[in-house]
Every structure is written in C-alpha cells, then in structure tokens.
Amino acid sequence: MKKVVLVTGANSGIGLALCKRLLSVDDQIHLCLACRNMQRAETARAALLCSHPGADIALLKVDVGSLKSVLEAAKELKQSKRYRRLDYLYLNAGIMPNPRIDFNAFINGLFSRKAIHMFATGEGLLTQEDQVTEDGLQNVFATNVFGHFILLRELEPFLCQSEKESLVIWSSSSNARRSAFSLTDYQHTQGKESYSSSKYATDLLSVALNNHYNKQGLYSSVVCPGLVMTHLTYGILPPFFWTLILPIMLLIRMFTNSFTLSPYNGAEALVWLFKQKPESLDPLAKYYSCTSGLGSNYVKPVKMDLDEEAAEAFYQKLLDLETKYRCWQN
Ligand SMILES: NC(=O)C1=CN([C@@H]2O[C@H](COP(=O)(O)OP(=O)(O)OC[C@H]3O[C@@H](n4cnc5c(N)ncnc54)[C@H](OP(=O)(O)O)[C@@H]3O)[C@@H](O)[C@H]2O)C=CC1
Ligand SMILES: CC(C)=CCC[C@@H](C)[C@H]1CC[C@H]2C3=C(CC[C@]12C)[C@@]1(C)CCC(=O)[C@@H](C)[C@@H]1CC3
C-alpha cells in the first residue's frame with residue numbers, strides 16, 4: 001500500500017528538501033504539498049518531478065494562519081476520493097516575522113560561559129514583532145501552532161485508523177524555551193519572543209497529543225532541524241552576512257554539531273522519523289538533525305524541558321479555543 005504523506009510549508013526550505021528526500025527513500029509514496037501559494041506550490045512540484053519523474057504529487061491550498069482556509073482545505077481532502085487515510089502529517093510551515101538581533105545580549109553572551117549554547121539555540125538573541133490575524137489570534141501562534149492543531153483535529157478520521165498507526169511530526173526548534181512561554185499568555189501577546197514561545201507550545205502539544213491519541217493509533221514527535229539557511233534565516237540576516245560569518249559558524253559546529261546549515265541536512269531527523277515505527281519513539285524527546293565536524297548527518301534525541309501537567313493544561317486551553325472558534329463559524 002502506498003504511504004500517504006502530507007507536508008505543510010512544502011514549497012521551500014526544509015519542507016521542500018524533506019519532500020525531495022522522502023521521494024528518494026520511497027518513490028511510491030503519495031505526497032501532498034500543502035501550501036498557501038499555489039504558484040510556489042506548482043514550482044515545487046515541478047522541481048520534485050524533475051528529480052523524480054512519475055512521482056505521485058498532489059497540491060493542497062492551505063494558509064495555516066487562517067482558520068477558514070484550514071477548514072476549507074480539510075473539507076477538500078475529505079471530499080477527495082484520493083484520500084482515505086494519512087500515514088505521515090508533517091506540520092512544518094512556520095514563521096518568524098520581523099526578527100531583530102539583540103546586539104547587547106550578543107556581546108554579553110559572547111564573553112560568558114553560555115556562548116556556545118547561545119550560538120546553538122539563539123537563546124536571548126532574537127526578538128520578533130507579531131501581528132493579529134483576521135481571526136483575532138496572534139499570527140505566530142496561529143501559524144506555528146493553532147492552525148496546525150485545527151488541521152490535525154479535522155484530519156482525525158484519516159489519522160486514527162485501527163489497521164495502521166500514523167505519525168504527526170512537528171518542526172520545532174532548539175529555540176523553544178520554557179521561560180518564553182506562559183500558560184496564561186500562551187499566544188504571547190505580551191512579550192517579544194513569539195517564535196520561541198510558539199515552538200515551546202508545539203513541544204507541549206506533541207506530548208499531550210501522545211497522551212490523548214496513542215490508543216487510537218496516532219503518534220506525535222517533534223524535531224529540530226538545526227540552524228538552516230532558508231527564507232526564515234535570511235529574514236534575520238541577509239545572505240552575504242551569513243557568508244561572512246560562515247567560518248565562525250563552521251567552527252562552532254565542530255563543538256556543537258548543531259548547525260546543519262543546508263535544508264537537505266536539516267531534513268535529516270524528519271526523514272529519519274519516516275523510517276521509524278511510531279510506537280518505538282520517545283514522546284518526551286525532541287529529535288535533532290545534527291551534522292558532525294566532518295560533515296556526516298545523524299539524529300540525536302534530547303529530553304525536552306517540560307512537564308506533562310503543563311502539556312495537559314495547554315491542551316485543554318487549545319480545546320477551549322477550538323470550541324470558541326467553531327461556535328463563531330456556525
Ligand atoms: N531555518 C532554520 O534554521 C530553522 C527552521 N525551523 C522550522 O522549520 C520550519 C520550516 O522553516 P524553513 O524551511 O526554515 O523556512 P522557510 O521560510 O523556507 O519555509 C517556511 C514554509 O512555511 C510556509 N508558510 C509560512 N506561513 C504559512 C502559512 N500561513 N500557511 C501555509 N504555509 C506557510 C512558507 O510558505 P511561503 O513560501 O508561502 O511563505 C514556506 O513554504 C519552520 O517551522 C521553522 O520554524 C526550526 C529550526 C531552525
Ligand atoms: C551578528 C553576528 C556576528 C552573529 C549573530 C548570529 C545570530 C544571528 C545567530 C547565532 C545563532 C543563530 C540561531 C538562530 C537564528 C540566528 C542566530 C541567533 C535560530 C534561532 C533560527 C531559528 C531556529 O529555529 C533556531 C534553531 C536557530 C538557533 C541558532
């Protein structure tokens with residue numbers, strides 16, 4: 001039976017590299033590129049067909065930052081005769097709007113004992129300016145977390161099937177930080193670290209999803225692709241600046257193995273998960289794509305800094321928010 005794989009944010013960066021690598025592992029999969037811009041999605045499909053002619057690739061229009069769009073996309077999938085189940089759901093689309101580097105924190109960090117950690121995680125170095133969506137949600141939360149959560153809830157009948165397990169895989173980050181997240185302000189309306197908060201939220205959500213859905217055959221995992229050169233990182237510093245500091249980055253990689261730099265290497269953990277039995281995965285681990293000093297790729301599971309009560313409390317808040325939005329829709 002063909003495996004059915006859906007990838008959000010599949011038209012560029014890590015998502016596109018993932019699709020290419022998945023087709024290299026198994027060119028018999030049915031791959032669905034879920035993107036907000038159909039022109040970019042068509043270009044991505046054409047590029048994938050160039051390297052894998054004959055691959056079975058469908059497109060789905062979805063803006064995960066808009067609840068209306070997510071519901072419409074889910075409806076389209078349910079109505080389409082092509083889908084009866086989903087084996088892998090890659091929740092990869094993500095944004096970091098208006099990033100700013102805190103140069104004071106950078107200089108202070110550089111001469112502290114946390115310098116390496118700071119480079120590996122970007123901790124304390126970045127701030128963002130968030131906005132409010134048409135649904136009245138914080139954009140980063142809506143895109144990176146809630147839109148994906150609603151998509152997953154809508155696709156439940158495709159994911160929870162008795163005969164076979166399914167795996168949901170979140171593109172999280174080493175930038176996810178407990179102190180950037182608050183249960184009382186889970187959309188991060190107050191602070192300036194909405195990206196870090198949203199990624200911590202995906203970690204919590206993944207843990208709660210395992211607790212609620214494993215019995216129904218649905219498993220969830222989180223991944224950090226490492227620091228990868230994509231549109232997202234070129235929004236932080238322009239390409240020429242990254243080239244300028246590349247020797248420093250490569251030097252730090254020798255110590256940390258945490259910078260994968262290329263989208264191909266960044267997709268390592270995402271592809272690795274495709275090859276695993278979902279029930280063999282650790283629900284409390286984040287799977288990191290790593291590249292050694294010599295350039296070889298490998299995957300490292302790291303225990304996440306969270307507790308299951310907080311995960312459950314956050315999950316209940318998301319269910320409340322979902323109920324609220326569904327009432328508004330009707
Ligand atoms: N790059 C890095 O160093 C790291 C990235 N990550 C995570 O990896 C994931 C992929 O990022 P990356 O490849 O780097 O970034 P890119 O900006 O290259 O890709 C992001 C993808 O998400 C899509 N996207 C953004 N917003 C929406 C939306 N509202 N609806 C649908 N699709 C959307 C983009 O589509 P469009 O082309 O239309 O904008 C694009 O296809 C993100 O979740 C990111 O947080 C995690 C750690 C490190
Ligand atoms: C100004 C100079 C000379 C250096 C600044 C480097 C930082 C901009 C850079 C160092 C570590 C990077 C990093 C990220 C962004 C850019 C840095 C802070 C991320 C937060 C990008 C997105 C992610 O999800 C993380 C995995 C990255 C962690 C490292």
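Just a few scattered comments:
- The conditions of being of a type in the set (A, V, I, L, M), away from ligand 1 (no atom under 16 Å from the Cβ), in contact (Cβ under 8 Å) with a residue 12 or more places away in the chain and buried (at least 23 other Cβ atoms within 10 Å of the Cβ) are not met by LEU205.
- Failed item, numbered, when CYS32 is tested on (1) touching a residue at least 12 places away in the same chain (Cβ under 8 Å); (2) more than 8 Å from ligand 1 (Cβ to nearest atom); (3) assigned to a loop (DSSP other than H, G, I, E, B): (3)
- Taking segment 228-268 as the range and being within 11 Å of ligand 2 (Cβ to nearest atom) and of a type in the set (Ser, Thr, Tyr) as the test, the residues that pass are THR230, THR233, TYR234, THR256, SER258, THR260.
- Filtered residue count, segment 197-220, keeping only those that are touching a strand residue (DSSP E or B) at 6+ places or on another chain (Cβ under 8 Å) and either among the charged types (D, E, K, R) or under 15 Å from ASN144 (Cα atoms) (or both): 4
- Filter result for the condition that a residue is more than 16 Å from ligand 2 (Cβ to nearest atom), surrounded by fewer than 14 Cβ atoms within 10 Å (Cβ to Cβ) and touching a residue at least 12 places away in the same chain (Cβ under 8 Å), over SER296, SER292: SER292
- The conditions of being away from ligand 1 (no atom under 16 Å from the Cβ), under 27 Å from ALA269 (Cα atoms) and touching a helix residue (DSSP H, G or I) at 6+ places or on another chain (Cβ under 9 Å) are met by SER51.
- Any chance SER66 is farther than 24 Å from ALA269 by Cα and surrounded by fewer than 13 Cβ atoms within 10 Å (Cβ to Cβ): no
- Pairs meeting the criteria (first residue in segment 222-251 and free of Cβ contacts under 8 Å to residues at least 40 places away in the same chain and among the hydrophobic types (A, V, I, L, M, F, W, C), second residue loosely packed, with under 15 Cβ neighbours inside 10 Å and assigned to a helix (DSSP H, G or I), beta carbons under 6 Å, at least 6 apart or on different chains) are lacking.
- Residue within segment 9-30 that is away from ligand 2 (no atom under 16 Å from the Cβ), among the aliphatic types (A, V, I, L, M) and at pLDDT below 95 present: no
- One residue stands out in segment 231-256 among those that are within 15 Å of ligand 1 (Cβ to nearest atom) and hydroxyl-bearing (Ser, Thr, Tyr): the one that is surrounded by the fewest Cβ atoms within 10 Å (Cβ to Cβ), namely TYR234.
- Breaking point among (1) within 14 Å of ligand 1 (Cβ to nearest atom); (2) surrounded by fewer than 14 Cβ atoms within 10 Å (Cβ to Cβ), for LYS324: (1)
- Whenever a residue of segment 70-98 is surrounded by 18 or more Cβ atoms within 10 Å (Cβ to Cβ), its partners that are in a loop (DSSP other than H, G, I, E, B) and of a type in the set (A, V, I, L, M), lying with C-beta atoms within less than 7 angstrom and at least six residues away or across chains, give the pairs VAL70/VAL62; VAL70/VAL64; ALA73/VAL62; ALA74/LEU155; LEU77/LEU155; LEU86/LEU155; LEU89/LEU155; ALA93/VAL64.
- Within segment 101-117, the set of residues being within 18 Å of ARG253 (Cα to Cα) and touching a residue at least 24 places away in the same chain (Cβ under 8 Å) comprises just one member, ILE116.
- Segment 39-137 holds helices (runs of 4 or more DSSP H) entirely within its bounds, and those carrying 1 or more residues that are under 24 Å from VAL25 (Cβ atoms) map to 67-79.
- Selection within segment 183-195 - touching a residue at least 24 places away in the same chain (Cβ under 8 Å) and among the polar types (S, T, N, Q): GLN187, THR189, SER194
- Against the conditions (1) surrounded by 20 or more Cβ atoms within 10 Å (Cβ to Cβ); (2) within 16 Å of ligand 2 (Cβ to nearest atom), GLN138 satisfies every one except (2).
The values are calculated or read from the model by the stated rules, or taken from the named source; none is laboratory data. Everything numeric in this text was worked out from a predicted model, so none of it was measured. Using ideal geometry, Cβ is built from the backbone for each residue, glycine included, and neighbour counts are taken over all protein chains shown.
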